[in-house]
Amino acid sequence: MDIKFANYGQQREINATDGELEIFELLRDISRLDLELVRMSDNYVTAKAGVCDFARFKFTPRAKWILFPLMELGSTKHRIGSPQEIKGFTDLISGSIEAVRKYFE
């Protein structure tokens, strides 16, 4: 019998698209938090604030979305057409900033 380990939660090579890098920079500029760009899943990249996922997002030719796990239950993916559209999520970004500062600093 072989033992196989699941491939969940380990950091991988970031390998982000230009759009994902632009989203990350916008999130850092808007939040003014010390965010880190990581890839813990093959399906998206994550902007981490300390130990928590501040935002998860994907911006490829086939999929363009962002979600804010600190503010929303489940996997609420907000479809976007360009990286600049994340500026329209100020309520979710502000709430995530408050959650990070309240619970994780």
Going by the structure shown, is Lys87 touching a residue at least 24 places away in the same chain (Cβ under 8 Å) and among the basic types (Lys, Arg)? yes
In segment 3-50, residue modelled with the lowest pLDDT [restricted to those that are aliphatic (A, V, I, L, M), in a loop (DSSP other than H, G, I, E, B) and over 20 Å from Phe89 (Cβ atoms)]: Ala6
Within segment 57-95, track down each residue that is polar (S, T, N, Q), in a helix (DSSP H, G or I) and loosely packed, with under 13 Cβ neighbours inside 10 Å. Gln84, Thr90
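The values are calculated or read from the model by the stated rules, or taken from the named source; none is laboratory data. As the structure is a computational prediction, the values presented were derived from the model and not from experiment. Quick reminder, even Gly has a Cβ in these numbers, built from the backbone with ideal geometry, and neighbours come from all protein chains shown.
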